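Note sheet for the following structure.
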Amino acid sequence: MVKKVGVAILGLGVVGGGTYQTLVKHREFYKQTQNVDVTVESVLVRSGKRVKELGIPEELVAKTIEEVVANPAVDIVVETIGGCGVAKEYILAALNEGKSVVTANKELICKYSHELERVAKRNSCGLYYEASCVGGVPIIRTLLDGVQANRITEMMGIINGTTNYILTKMTQEGAEYDEVLKEAQRLGYAEADPTADVEGHDATYKLSILASMAFHTKVPYTKIFREGISEVGRKDIQFGKELGYTLKLLAIAKNTEKGIEVRVHPTFVRDRHPLAAVNDSYNAVFLRGDAVGDVMLYGRGAGAFPTASAVVSDVIFAATHADVKYSTFKNTANADPNVNFISDFESAYYIRLFVDDKAGTLTKITGIFARYGISIVVVDQKGRADPTATGDAARVPLVVITHKTRENSIKKAVAKINETDLAIVRSVIRVEDQ
Ligand code: NDP
Ligand code: HSE
């Protein structure tokens, strides 16, 4: 017999709207393939515009969250509002009424999953959040159900669609940062406040969730080194290109004997690296497990229907697995005090300087790098200054790529170079696979 399951959707924006449309479009298909008849029984909106646009019957529009959770036809509540304000309040109201919850809210899961999960368990409800990380890519399910045989030692990937879209357009078309950001917003990729995307917060929330699951210990977002793409210049993208590198916002997590290393920052990868070919709003994540070796997941990381794919898959899972709860990893408010988080990590570096174009400058600069034990792979001076020029006109860009070294060594060398009157460091970008 086909099981009837009622859903409420809170928030009908990009993801909520895509979720509604997917559920309506595939109702018959889910009946046939999953043996469930999933119907939308209630929606909660702030403004009615989207209700009309989506052709939702007026009688499904609830006035309050109390009305939604008191509705006996609603079994599962989908939260697609975002943020940690009413979204949290509404999810708690649903769980406390014994309704399972599906959410796409990475910030909320990152910051409060311990609390939400406790309430879900107390009320024997499911709490599902596949859509919170990497859009339509089933990374949460993979970590929970697909690679749990392994000790995961490493995870690296592109986990924000907006910044990947921006960097792709800047790299391939020389597009202006502000223009492409607007386009990413129009396409529904960006967060309500896109600062979350471009400054790396969104990727940090996702990495906190994923690393906590992968390493079976809480990795708070506050422990993650974070740098966004807002300061990245087209010059760096161009110079990197000339040296065979592509710029990506990478999220990196390593679980080593010395501790856990977690970071989100713009990174140059070799053009031949598989992540260099991940473009537009596509995302990709590499996992390294001790039994399986490397696994790579790839797909759309943002947008209405890719994200609805993850939300609706969770709805179907919740509808068909009444006794299976999602939350099987160690979920605490804070990090285990016995876990060491490594801040002085190792990386190779791209450094762009603006230097006096005169004899002896290079020797002095390389001398400073040598003093901090930093070995250099490439030194590439861009152009020549007029020998009679003075001031900035007597200076030229100089790009240095280092071998692997420590973050703190680079910081000290950069500070020392900036103290000289020969050069100024304009940018420092980490390099993977140099
Ligand atoms: P949108 O801004 O498009 O949608 C949010 C919706 O919530 C808006 O329609 C807004 O209404 C509505 N809303 C706000 N406050 C309330 C309220 N008090 N009651 C009812 N509705 C309310 O955001 P997205 O759909 O892009 O994102 C939603 C969530 O999904 C976020 O957590 C985001 O991080 C996550 N996510 C987004 C992805 C994407 O590609 N966009 C991908 C993966 C996850 P109004 O229209 O009136 O402002
Ligand atoms: N703003 C997010 C992104 C949505 O661009 O990746 C998907 O989580």
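Shown is the FRET efficiency for residue 193 and residue 359, computed with R0 = 35 Å from the Cβ-Cβ distance and rounded to the nearest 0.05: 0.10. The accessible surface of the chain, taken with every protein chain in place and a 1.4 Å probe, is 49 percent carbon and sulfur. So how tilted is helix 304-320 from the main axis of the chain? Cα-based, degrees 0 to 90, rounded to 10. So the helix axis and the longest Cα principal axis differ by about 40 degrees. A simple spin-label model places pseudo-atoms 7 Å from Cα toward Cβ; at residue 279 and residue 332 they are separated by 4.6 nm.
Once all protein chains are placed together, residue 412 keeps about 120 Å² accessible to a 1.4 angstrom probe. Projecting the Cα atoms of 144, 244, 10 onto the charge dipole of the chain (Cβ charges, centred on the Cα centre) puts 244 farthest toward the positive pole. Report note on the peptides 96-109, 310-323: ranked by the mean count of other C-beta atoms within 10 Å, highest first, their order is 96-109, 310-323. Per-residue SASA remark: residue 67, around 90 Å² accessible (1.4 Å probe; ligands, DNA and RNA not included).
Restricting to the chain, what percent of DSSP beta bridges are antiparallel, rounded to 5? In the chain, DSSP labels about 70 percent of beta bridges as antiparallel.
In plain terms, if you count all Cα to Cα distances in segment 3-132 and split them into 10 Å steps from zero, the share in each step is 13, 46, 34, 6 percent.
Segment 113-156 and segment 59-78 have their alpha-carbon centroids 25 Å apart. Our estimate of slack between residue 375 and residue 144, defined as 0.36 nm per intervening residue step minus the Cα-Cα distance, is 79.0 nm.
Charge dipole of the chain (Cα centre as origin; +1 on each Lys and Arg Cβ, -1 on each Asp and Glu Cβ, all else neutral): 660 debye, rounded to the nearest 20.
Summing +1 for each Lys or Arg and -1 for each Asp or Glu among the other residues whose beta-carbon sits under 13 angstrom from that of residue 306 gives -1. Distances between placed amide hydrogens fall under 5 Å for residue 280 paired with 168, all partners being 5 or more residues away or on another chain.
Obtain the nm distance between the two label points defined at residue 52 and residue 73 by a simple spin-label model: each point lies 7 Å from its Cα along the Cα-to-C-beta direction. If labels sit at residue 52 and residue 73, their model points lie 2.4 nm apart. Given a Förster distance of 30 Å, report the FRET efficiency between residue 271 and residue 124 from their Cβ-Cβ distance, rounded to the nearest 0.05. Step by step, r from the Cβ atoms, then E = 0.05.
Once the Cα-Cα distance is subtracted from the 0.36 nm per residue extended length, the residue 183 to residue 427 segment shows a gain of 85.2 nm.
Rounded to the nearest 10 degrees, the angle from helix 86-96 to the longest Cα principal axis of the chain is 40 degrees.
If R₀ is 35 angstrom, what is the calculated FRET efficiency for the pair residue 415 and residue 294, using the beta carbon separation as r and rounding to 0.05?
It comes out at approximately 0.40.
The values are calculated or read from the model by the stated rules, or taken from the named source; none is laboratory data. Source: prediction; values computed, not measured. Positions of Cβ are generated from backbone atoms using ideal geometry, with glycine treated the same way; all protein chains shown enter the neighbour counts. We work out accessible area using only protein heavy atoms, side chains counted, and drop any ligands, DNA or RNA first. Shrake-Rupley method; radii C 1.70, N 1.55, O 1.52, S 1.80 Å.
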